[in-house]
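The values are calculated or read from the model by the stated rules, or taken from the named source; none is laboratory data. Bear in mind that the values here come from a model prediction, so they are computed numbers and not experimental data. Virtual Cβ from ideal backbone geometry, glycine too; neighbours counted across all protein chains shown. Accessible surface areas use protein heavy atoms only, side chains included; no ligands, DNA or RNA. Shrake-Rupley method; radii C 1.70, N 1.55, O 1.52, S 1.80 Å.
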Number of protein chains: 2
Amino acid sequence: MTASTLSQEQLNALHNAATDLRIESVRSTSAAGSGHPTSCCSAADIVAALFFSVMRYDPKNPKAPNSDRFVLSKGHAAPLLYAAWAEAGLFPKQDLLNLRTLHSDLEGHPTPRLPFVDMATGSLGQGLPVGVGLALNAKYVDKVDYRTYVLMGDGESVEGSNWEAMEIAHQKQLDNLCAIVDVNRLGQSDPTILQHDMEAYRARWSGFGWHALIVDGHDLSAILSAFQEAARTKHTPTVLLAKTLKGKGISFVEDQPNWHGKPLPQGAETQKAIDELSRQLKPNGTAPKIPRPSPISITRPAISPLPAPSYKIGESAATREAFGVALEALGTVNPLVVALDADVKNSTYSEKFGKKFPDRFFESFIAEQNMLGAAGGLAACGKVPFVSTFAAFFTRAYDFIRMAAISQSNIKLVGTHVGVSIGEDGPSQMGLEDIAMMAAQPGVTVLYPSDGTCTYRLVEAAANHKGMVYIRAGRPKSPILYGPDERFQIGGSKVLRQSATDALTIVAAGITLFEALKAYDHLKAAGISLRVIDLYSIVPIDRTTLLESARNTQNRILTVEDHYAHGGLGDAVLDAVATEGIKVHKLAVRAIPHSGKPDELVNHYGIGARSIVEAAKDIIK
Amino acid sequence: MTASTLSQEQLNALHNAATDLRIESVRSTSAAGSGHPTSCCSAADIVAALFFSVMRYDPKNPKAPNSDRFVLSKGHAAPLLYAAWAEAGLFPKQDLLNLRTLHSDLEGHPTPRLPFVDMATGSLGQGLPVGVGLALNAKYVDKVDYRTYVLMGDGESVEGSNWEAMEIAHQKQLDNLCAIVDVNRLGQSDPTILQHDMEAYRARWSGFGWHALIVDGHDLSAILSAFQEAARTKHTPTVLLAKTLKGKGISFVEDQPNWHGKPLPQGAETQKAIDELSRQLKPNGTAPKIPRPSPISITRPAISPLPAPSYKIGESAATREAFGVALEALGTVNPLVVALDADVKNSTYSEKFGKKFPDRFFESFIAEQNMLGAAGGLAACGKVPFVSTFAAFFTRAYDFIRMAAISQSNIKLVGTHVGVSIGEDGPSQMGLEDIAMMAAQPGVTVLYPSDGTCTYRLVEAAANHKGMVYIRAGRPKSPILYGPDERFQIGGSKVLRQSATDALTIVAAGITLFEALKAYDHLKAAGISLRVIDLYSIVPIDRTTLLESARNTQNRILTVEDHYAHGGLGDAVLDAVATEGIKVHKLAVRAIPHSGKPDELVNHYGIGARSIVEAAKDIIK
């Protein structure tokens, strides 16, 4: 169905659908007593055009294969999205009145609790990166012809994440991606930075190589023509820069400041708005037909077991390298695994996967936010994305990680180069807060392997686990502790040293585990016996083993970690035993580190064998 | 001094300076055994032009008033920066050979431990936002004529933070800001996304309204002319897009892949490179003169005491509003205070300050990364920046917060709308990991006031404290607990309820403090007596009071917080008493929350009075 083939009756029907969306948005936000009706009204014509003429989808089954995808980046316009799906027939319109209540999934901002939402939005500037992931999946992985539409606000277009997405979308020639910017001129607290300067928008988007079209966002015929042009445009994505009015259709709020995020007052003003809108309904409307997706058959690919790791006890390997080895092996046995990296693939070793599976590897350049958003899009398409970079640089994408956690996405994160043990590059490159930031998010599994075998098996476990997983990997080589048949599980730990006379339990992971083993040897020679635990799973944590060990070592634990003191491994252990009256001592990095040699830094910041020996003696005495 | 007035001898001298910078960069990285000499070589001509002809500064005093500022955004070219200052005479060249060692401040990437570094770089894409702050200070706050130069890499220009900075710099007409992109075509793991497509760079930068000049980055005459044109350009910033070769001047690495972040091998290859470069030195060179800054007199402004807060016990106020009231009052007594907000000033109440002090208030639009970077630049100029937005959205700028912590910057962060108590807007808007992320960074003070009086006084304390401070503020109104004369200090707490027979210590802050007081009343009526502590300072923490209280309440503590369970108030308390065998129970938000009414959510997620009562009974029984 195209603009040129649309009859006046059909255009009237679209207009009426848009008007209905406005009415429902006003009604539901007034009922809720909060929300953003004016932000819905500006975009109602765009959404009506998409949902009732442009997009191919099954209105009863939002997850139908090969359906066009719609991402509401301006998540505060959620009532508009909900009204569109109700209008399409997915659920009764009266449900819209449950907006923002505890027992309805029609939340203040959309989350994937709803079947038609791929990723949560509401933190602005995240929709376009997600759209990039959805479009990458169609063009390069599944090689199918669904299109992806992302509706953005104008205020959010300042967010840098959008420009990362634009650069990558252009480079990957995502002509199956179409963005729409609802340029309604008004932000939350003031007019937007560019207001209605449509040419300024065009200069920015076309400067990034996008096909940029300026349209009147309230002219349905123009909107439909622009979407047609977008569909015809090859080798680069298209953006519709839609000039709109906030609160469109309601005379007393239209284009007025101070109406952001405010429902119309219940009672007379709400009724007045609904009456005004109702008068805009046109008599002659033929219900539009929603185009259906072209049928494809999706067969879930066979996934084989991963071969055993090949590391031998006594050899050495960096855990980051073991990640690369495991990822490459995973690629062979699991066709759903895809990988993304931010121009450090030769340091994280994800390049092993990239070289073998170029169609499933996405070089994301130095743009971590878009990388995370795209991974979310790929995960929403059933892929298992492994996203790797230096652990420190995941801080760049923490908001995306937060929103992925809210979305209960299936992203696997691998952060390498953790801690002061990276050495000379200095603090900017050291991941020292990664456990704190990842473990804070509910539902994120946090793993911290110490040797190659464990890393390999935890990468496998991460791929098989449904939900977000973070794996912490180090830069230096370390000894192989475990043979190829050793088993590891999410929530497990390994007791590496124990005797009936242990005076203290030491809990460590990563490079500090080897420091703990050195300290063990040193104290053993002095006649002091310690228990040593490899805590390779931080979240969930092996509380049983920790408690049992502590109780067998006079209720004393010493934790050692190459991480800042707050929110790390030590705090996870503390939390696990908090209610039991166990005494826990923590060694961790407590200052901003300096450049230096890895061993020097490990000692200087008090997490090396010498510090462990001193602390242990002090605790035991 | 301009290109046109530069004699051939002077140009030769500049060329020789550039060559010396290359030689020193090779020599120091080879000595260190790590580093990025090829990234130094591509930018050596640009840096020589800036340091020895263009910039006005005092080579013996990098902090001299009104000096031009230089930000090395591509921080991995640190050896080049260090060589330039040594060449300028700040310290002996032989110090360069201490690069990357533990006892030298010539670290792998620059930090403000060095007097000529305003903010740490090394996490890419941060220099331009910092430069925006330095330029805002010159143009709008101090109203002086120094210029700011930011040297960026091409790989890092994909980072979205740059495009945020570009949008704001254009809007604020920062013609005192000049960016230089060292387009050397090669990233770490592969060629950059745009390689040497100089017109693609121009389209992007000029699309954002910048004056964009393409130059040969190895033609000193062309570079100098471009800097002259930049200085003449009014009302918008200028960027020099410099086409360069990575490893320039060393035949066997120049423009070659796989030389990122690698020193030349010590011995023959290093010597060969130095010999090659030495042969490029020209015989006729007149030492260039470094232009000095125009003299200005800077008098540190008088700072008056803050008047007492006006809240009365029994009234109510939202802590976010009390922040706005305090910030406005601070603005009057302290001319160094500036404020930035990201289009939520009417929700954070920073608009109170903005309306009264428009020259010191920077609307940063929805671009949190640039907001934090700019705040760092302003702090480097001696200002006291208060940066406010929803606590959740500080996750967007966590990498900037991390780098500010590394820089030991003087930024004050105020995060509002924390926790499930914001209600209907849902999880995307709830700050539930802010304590975890802030407290993880060494040196960051974390404050969590519960009432208006405390908030007001902690805003004052934050302004007076040298270093980063985070203040956590809530959305709902809450009762005023403290009279105007009550005193609060960083590291303090208040015992609000106590008796000789207390069975348990409850520690809370923010909305859960009031829930704890309700629980207290309820249990009191049932004959159970509790101690209640207002823990308004999370980092540092009042360990003495916590321990004393726990010991007086049978070694039992219950913490309650409107924050996720990991890394929050509870973990801070646990850590404080960890070694003492105290039993600590934590109530916190343990799932991704839903939309709903604030009170409903507080109860539903187990942090309300009812849950406290149940938990207390369970602990005591």
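Could you grab the relative contact order for the stretch A:472-621? Cα pairs under 8 Å, six or more apart, rounded to a whole percent. Intermediate results must be reported in sequence, preceding the final value.
Working: 253 pairs, mean separation 36.7, N = 150.
This gives 24 percent for the stretch A:472-621.
Output the relative contact order of the stretch B:55-122, whole-number percent, from Cα pairs under 8 angstrom with separation of 6+ residues. Walk me through the numbers before you get to the answer.
Working: 82 pairs, mean separation 21.0, N = 68.
That works out to 31 percent.
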Study note, to complete from the structure: Total charge of the residues flanking A:M438 in space, meaning their Cβ is under 12 Å from its Cβ, with Lys and Arg +1 and Asp and Glu -1, is 0
Check your understanding: Along the charge dipole of the protein assembly as shown, which of A:V446, A:S529, A:I46 sits closest to the positive end, that is, farthest toward it, with unit charges on the beta carbon of Lys, Arg, Asp and Glu (+1, +1, -1, -1)?
Key -> A:S529
Practice item. Would you mind giving the three semi-axes, in whole Å and largest first, of the ellipsoid equivalent to the stretch B:544-610 according to its Cα gyration tensor? Key: 27, 12, 8
**Study point:** chain B - Rg (one decimal) and Dmax (whole number), Cα, Å
**Key:** 27.5, 94
Review point. Considering the zone a paramagnetic label at B:N98 would reach in this model (a point 7 Å from Cα along the Cα-to-Cβ line), which residues of the stretch B:28-49 have amide N under 17 Å from it?
Key: B:28-29, B:31-33
Study note, to complete from the structure: iface B-A | buried accessible area, total | probe 1.4 Å | Å², round 100 | 8500
Practice item. Apply the Debye scattering formula to the stretch B:1-157, with a single equal point scatterer on each alpha-carbon and no solvent, then give log10 I(q)/I(0) at q = 0.08, 0.09, 0.20 Å⁻¹. Key: -0.22, -0.27, -1.36
Point to revise | Residue among A:Y349, A:T579, A:T286 farthest towards the positive dipole end of the protein assembly as shown, charges placed on Cβ | key: A:T579
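Peptide B:349-356: average number of partner chain Cβ atoms within 10 Å per residue?
On the way: counts 0, 1, 2, 0, 0, 2, 0, 0.
That average works out to 1.
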Practice item. Excluding residues fewer than 8 places away in the same chain, name every one of the lysines whose C-alpha is closer than 22 Å to that of B:K466. Key: B:K63, B:K383, B:K412
Revision key, fill the gap. Rounded to whole Å², per residue accessible area for the stretch A:272-404 with a 1.4 Å probe reads 37
Study note, to complete from the structure: Rounded to one decimal in nm, the spacing of the 7 Å Cα→Cβ label points at B:K234 and A:K355 is 5.8
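Do any trypsin sites (Lys or Arg not before Pro) in the stretch A:284-389 lie in a loop, going by DSSP, with at most 15 other beta-carbon atoms within 10 Å of their beta carbon, and if so which? Walk me through the intermediate numbers first.
Details: sites: A:K289, A:K312, A:R320, A:K345, A:K352, A:K355, A:K356, A:R360, A:K383; in loops: A:K289, A:K312, A:K383.
Of the trypsin sites (Lys or Arg not before Pro), the ones in loops of the stretch A:284-389 whose Cβ has at most 15 other Cβ atoms within 10 Å are A:K289, A:K312.
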Point to revise | Rg ratio (alpha-carbon, reference 2.2 N^0.38 Å) - the stretch B:1-94 | key: 1.07
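On the accessible surface of the protein assembly as shown, probed at 1.4 Å, how many percent belong to carbon and sulfur atoms?
Details: 18650 of 38110 Å².
So the carbon and sulfur contribution to the accessible surface is 49 percent.
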Study note, to complete from the structure: With a ≥ b ≥ c from the Cα gyration tensor eigenvalues, square-rooted, and the rule rounded for a/c under 1.5, otherwise prolate when a/b > b/c and oblate otherwise, the stretch B:97-194 is oblate
Review point. Given H placed on each backbone N at 1.01 Å, which residues far from A:E159 in sequence or on other chains put an amide H within less than 5 Å of it?
Key: none
Check your understanding: Looking at the stretch B:397-439, which residues lose a minimum of 20 Å² of accessible area between their chain alone and all protein chains in place, measuring with a 1.4 Å probe and not counting ligands or nucleic acids?
Key -> B:Y398, B:D399, B:R402, B:I406, B:E424, B:D425, B:P427, B:S428, B:Q429, B:E433, B:A436, B:A439
Review point. What ³J(HN,Hα) values, in whole Hz, does the Karplus curve 6.51 cos²θ - 1.76 cosθ + 1.60 give for the stretch A:103-113 when θ = phi - 60°, with x put for Gly and Pro?
Key: 9, 10, 7, 7, 7, x, 10, x, 10, x, 4
**Study point:** Cα centre as origin, Lys/Arg/Asp/Glu Cβ charges: the stretch B:434-569 dipole, Debye
**Key:** 100
Check your understanding: How large is the helix-only mean residue ellipticity at 222 nm for the protein assembly as shown, computed as the sum of -39500 (n - 2.57) over DSSP H runs with n ≥ 4, divided by its residue count, in deg cm²/dmol to the nearest 500?
Key -> -11000 deg cm²/dmol
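In the structure displayed, which of A:K143/A:K356; A:K172/A:K356; A:K234/A:K282; A:K272/B:K477; B:K312/B:K586 lie more than 26 Å apart, Cα to Cα?
Those over the limit are A:K234/A:K282; A:K272/B:K477; B:K312/B:K586.
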Review point. Tell me, what does the Kirkwood hydrodynamic radius of the stretch B:213-257 come to in angstroms if you use every pair of distinct C-alpha atoms?
Key: 11.8
Review point. Tell me, what is the per residue accessible area of the stretch B:505-621 in Å², probe radius 1.4 Å?
Key: 33
Check your understanding: Using only the Cα atoms of the stretch B:490-594, what do you get for the radius of gyration and for Dmax, in Å?
Key -> 12.9, 41
Study note, to complete from the structure: Using alpha carbon positions and the Kirkwood radius, the Rg to Rh ratio of the stretch A:174-221 is 0.99
Revision key, fill the gap. Counting only DSSP loop positions in the stretch A:426-497, the GluC sites (Glu not before Pro) whose Cβ has at most 16 other Cβ atoms within 10 Å are A:E486
Review point. In whole angstrom, and with the biggest value first, how far do the Cα coordinates of the stretch A:352-428 range along each principal axis?
Key: 40, 33, 17
Check your understanding: Taking accessible area as the heavy-atom solvent-accessible surface of the protein chains with a 1.4 Å probe, which residues of the stretch B:300-343 lose no less than 10 Å² upon going from the isolated chain to the full protein assembly?
Key -> B:D343
Revision key, fill the gap. Amide H proximity to B:R147 below 5 Å, modelled H, separation 5+ or other chain, gives B:D68, B:R69
Review point. Once you put a point 7 Å from the Cα of A:K621 and another 7 Å from the Cα of B:Q554, both along the Cβ direction, what distance in nm separates them?
Key: 3.5
Practice item. Only counting protein heavy atoms at a 1.4 Å probe, give the residues of the stretch B:155-172, ordered by number, whose accessible area falls by 30 Å² or more when the other protein chains are present relative to the chain alone. Key: B:V158, B:E159, B:G160, B:W163, B:E164, B:E167
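Counting only other chains, what is the mean number of Cβ atoms within 10 angstrom of the Cβ of each residue in peptide A:123-134? Please report the intermediate quantities before stating the final value.
Numbers: counts 10, 8, 6, 2, 0, 0, 1, 0, 0, 0, 0, 0.
Whole-number average of other-chain Cβ neighbours for A:123-134 is 2.
Quick one: divide the alpha-carbon radius of gyration of the protein assembly as shown by 2.2 N^0.38 Å and tell me what you get. Don't skip to the answer; put the middle values down first.
Working: Rg = 29.9 Å, N = 1242, 2.2 N^0.38 = 33.0 Å.
For the protein assembly as shown, the normalised Cα radius of gyration comes out at 0.91.
With every protein chain present, what is the per residue accessible area of the stretch B:116-263 (1.4 Å probe, Å²)?
On the way: 4000 Å² over 148 residues.
On a per-residue basis, 27 Å².
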Practice item. Report relative contact order for the stretch A:176-285 in percent, whole number only (criteria: Cα-Cα under 8 Å, sequence separation at least 6). Key: 31
Check your understanding: What do the square roots of 5 times the Cα gyration tensor eigenvalues come to for the stretch B:227-373, in whole Å, largest first, as semi-axes of the equivalent ellipsoid?
Key -> 54, 22, 17
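Given R₀ = 25 Å, what would the calculated FRET efficiency be for A:K60 paired with A:S278, taking r from the Cβ atoms and rounding to 0.05? If you can, show how the numbers build up before the last one.
Details: r = 28 Å, r/R0 = 1.11.
Calculated value: 0.35.
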Point to revise | the stretch B:237-306: equivalent-ellipsoid semi-axes (sqrt of 5 x gyration tensor eigenvalues, Cα, Å) | key: 43, 21, 16
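Convex hull over the alpha-carbon atoms of the stretch A:577-621: what's its volume per residue in Å³? Walk me through the numbers on the way to the answer.
On the way: hull volume 3.7 nm³, N = 45.
Measuring per residue, one finds 83 Å³ for the Cα hull of the stretch A:577-621.
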